[in-house]
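So the structure is just underneath, and the comments pick up after that.
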């Protein structure tokens, strides 16, 4: 087993691994321990009382973080004609139809979020084997198959994040950077939690939000008292 560096030992000592911290205190603690030489991402992880293997217990969706993510998101749009022009005007990084599909088939994927107009889905559907494994396949339930191209592009650029429960029932997302003010991180965390609560599936029984933790890219995890989330 690799030895812990002095920095890692100091960070571990700053957090009581057995304690459940109120959300606001957890955010301040995570920020204080984000001491790497780069602007670390602050991430929230929620362990839910669901079994995603059952269709009626899947938790998936999009949420707009009020204070953004601090990340630059490259947006690709499949559209033609006026809608293609609308996407470009809204700030999309890559816009096209058959030409864009050809680039994707070649493995040249220069975007982090993919949006398509409904008439493009016959074309985009053929790219499922390429886009699907990367989590980039447009989905009407997520608002990424839409005629409101402008709104979708602006939402993606403005701090919208996607969440999806993993096999163990865990959902997680970056809610900002360590350089964010604590209040901005708190606002983003609450927005994410509220989105997860709204997405509670009909098949979920018993306790829905079981455990929550915050962490930074290089810092230790901090357990959060679920009772301080509000409405959990």
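The values are calculated or read from the model by the stated rules, or taken from the named source; none is laboratory data. Just so we're clear, the structure is a prediction, and the values are computed from it rather than from any experiment. Glycine also receives a Cβ, built like all others from the backbone with ideal geometry; neighbour counts cover every protein chain displayed.
Go through the range 15-34 and give me each residue that's out of contact with any helix residue (DSSP H, G or I) (no Cβ under 7 Å at 6 or more places or on another chain) and surrounded by fewer than 15 Cβ atoms within 10 Å (Cβ to Cβ). The answer is 16, 17, 18, 19. Residues in the range 107-124 that are modelled with pLDDT of 95 or more and over 23 Å from the mean Cα position of the chain (by Cα) were compared, and the one that is surrounded by the fewest Cβ atoms within 10 Å (Cβ to Cβ) is 122.
Residues are listed down the side, and each one gets a yes or a no for (1) within 25 Å of residue 87 (Cβ to Cβ); (2) surrounded by fewer than 18 Cβ atoms within 10 Å (Cβ to Cβ); (3) at pLDDT below 95; (4) in contact with a helix residue (DSSP H, G or I) (Cβ under 9 Å, 6 or more places away or on another chain):
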position: 132; (1), (2), (3), (4): yes, yes, yes, no
position: 135; (1), (2), (3), (4): yes, yes, yes, no
position: 140; (1), (2), (3), (4): yes, yes, yes, yes
position: 155; (1), (2), (3), (4): yes, no, yes, no
position: 164; (1), (2), (3), (4): yes, yes, yes, no
position: 168; (1), (2), (3), (4): no, yes, yes, no
position: 175; (1), (2), (3), (4): no, no, no, yes
position: 180; (1), (2), (3), (4): no, no, no, yes
position: 185; (1), (2), (3), (4): no, no, no, yes
